[in-house]
1. Filter segment A:115-134 down to residues that are out of contact with any helix residue (DSSP H, G or I) (no Cβ under 8 Å at 6 or more places or on another chain) and part of a helix (DSSP H, G or I) and give me whichever is farthest from the other protein chains (Cβ to nearest Cβ).
2. Scanning for something surrounded by fewer than 16 Cβ atoms within 10 Å (Cβ to Cβ) and at the interface with chain B (Cβ under 9 Å from one of its Cβ atoms), does segment A:59-71 turn up at least one residue?
3. Which numbered condition in (1) surrounded by 13 or more Cβ atoms within 10 Å (Cβ to Cβ); (2) within 14 Å of another protein chain (Cβ to nearest Cβ) is the only one that residue B:259 fails?
4. Of the residues that sit in segment B:147-175 and are under 13 Å from residue B:198 (Cβ atoms) and aliphatic (A, V, I, L, M), which one is farthest from the other protein chains (Cβ to nearest Cβ)?
5. Pick from A:77, A:92: which is of a type in the set (D, E, K, R) and within 12 Å of another protein chain (Cβ to nearest Cβ)?
6. Just checking, does segment A:161-173 include any residue being more than 11 Å from chain B (Cβ to nearest Cβ) and in a loop (DSSP other than H, G, I, E, B)?
7. Among B:144, B:202, B:178, B:182, which is the only one that is within 14 Å of chain A (Cβ to nearest Cβ), outside any helix (DSSP H, G or I) and either out of contact with any Pro (no Cβ under 6 Å at 6 or more places or on another chain) or at pLDDT 85 or above (or both)?
8. Return yes or no: is residue A:137 more than 7 Å from every other protein chain (Cβ to nearest Cβ), surrounded by fewer than 23 Cβ atoms within 10 Å (Cβ to Cβ) and under 18 Å from the mean Cα position of the chain (by Cα)?
Amino acid sequence: MSAAPSLAPALAPALALEGATFRYPGAERDALDRVTLALEPGRVHWLFGPLGAGCSTLLLAAAGLAPRLTGGTLTGRLATLGADPQAAEGRRALAGRVALVTPSPALQLSGIGATVFEEVAFAPANLGWPIGRIRTAVGEALARFEVAHLVERAPAQLSGGEQQRVVLAAMAALAPALWLLDEPAGALDAAGRRRVAEVLREEAARGAAVVIASEDADLLVDVADRLVVLAEGRVVADGAPRALLAGDAIWTEGPGSTSVAALARGAGLAAPHPLTVAEGVARWSAP
Amino acid sequence: MSARRAPAATAPVAGAVGLALRAHPFTPFVVALAVALLAFLLPGPWGPVALYGVVLALAGATGVGGAARTALLVCLPLWLFLFLLHGVLGEGPRVAAGPLRLSAAGLALALAQAGRFGAIATASLGLLRAFRPSRFLDAAAARGWPFHLPYLLVATLQAGPRLRHRAGLVLEAQRTRGLRYGGSPLARLRALGPVVLPLVLGALAEVDDRAMALETRGLGAAGHGAVARTPLDPPRDTAGDRLVRWGAALAVLAALVWRVLAWRAAR
């Protein structure tokens, strides 16, 4: 299977926020509070925070959907792939280059695709790709997420996990320069989670910037290159995932860590905590 | 992996058995529209009744006969109401019909209206049965139409089945929480509240989520005509399709001219 073509080296950050502040209509506090970040191409970035931390909002703002479709006010600076996603010109420049995956796969289906093929081809067709290119891209994307056998099935009749894979394939077909994923593995089984992790690593290796908002520390501990912890709309930690997740601060300032780290912490082990089962076994087996 | 080959343009729609389902997607639309116009252009009572007969025959012959049965169930209460309102309670000279003495003018009016409703309901439901969203959008894209208008039409037509599905889910969810749905019509009406509210609120929330999802899938680009959408499998527009559409349009035109001439002659 041929992967999507590599992206040209980009010097500018794929996503740049400078003092970005966002508040939903009628909200009492900012969903994003003076966030300054530069997320680079070729890396997997993980936004980690409890509910209401602002991770999903950051993705919506980066995709140009907040505040344009959600309402609210956005101040500060935000550039997605060097363009302003709020401006009409910026949106035109970003069409097909940004993939947004929301937590509910059923709501991301177009609703008009009679088959999985049509569903995955929906965006490339909208972008006016030649039919030959569409067929190739759809076939490859379905194979990457191991759902090629579903190609003739009706999307609405698939299971939640299958729909999740189809939605991810629909985005992968575009070979986007920027992935924005909100709990991308929420509906998946263990095999699906592993496959998603592999594909996202492949996408980063291709040169795409991958930004994942998730509380799934067990999945992302070995997938992400960089961890950004948010709390109440502010960045409270930013660094290497393993270093941050193994420490104690992630429990007080952030939403916690992996299941194994939680177990170790509960058992009274001092930081740095083991993060995976293998590390936990090694730690507990150590004399 | 070799890419999956989209169905050839000439291939029949998967599962399509009738002519209405195999036809070019614009053809059932034009026919249904023509039926709706003819229902009001043709003089009553026998014009609409004859039209209803033609529509029934067409539905049966083109594989959407089920639509005729559904339309009949929808129309029956209405027909009964029309008969009572115009035939029994209508004014003017009476005619004997067994033990009843009915208004002759009222009966004619009821018959005309019954024919109109029957023809329109059958044609509309037949159209819905023959409708395949992706084929319709492909047909529109092949004509170079901006995407947002056909998409709006398709989304509207799709809203009914989606809401019905959601209503079923909401009802099941409420039943597990103790809602009793059944018994007398009044009891059923009372039970509607806990179903309708989540249904409407959920649908509204879904609109937002879906709009955001579609926005990132190139709908904005194609929708506003910035880019011409690629038809994935443009349906074949046969000579027969074109003949049917032109025939329907000419029938409407002829009926219109006839009515205008008749109206001018009557003056």
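The values are calculated or read from the model by the stated rules, or taken from the named source; none is laboratory data. As the structure is a computational prediction, the values presented were derived from the model and not from experiment. Neighbour counts are summed over all protein chains in view; Cβ atoms, including those assigned to glycine, are modelled from backbone coordinates with ideal geometry.
1. That would be A:132.
2. Yes - at least one qualifying residue is present in segment A:59-71.
3. Condition (2) is where residue B:259 drops out.
4. Result: B:171.
5. Exactly one residue qualifies, and that residue is A:92.
6. no
7. B:144
8. Considered against the rule, which asks whether it is more than 7 Å from every other protein chain (Cβ to nearest Cβ), surrounded by fewer than 23 Cβ atoms within 10 Å (Cβ to Cβ) and under 18 Å from the mean Cα position of the chain (by Cα), residue A:137 comes out as no.
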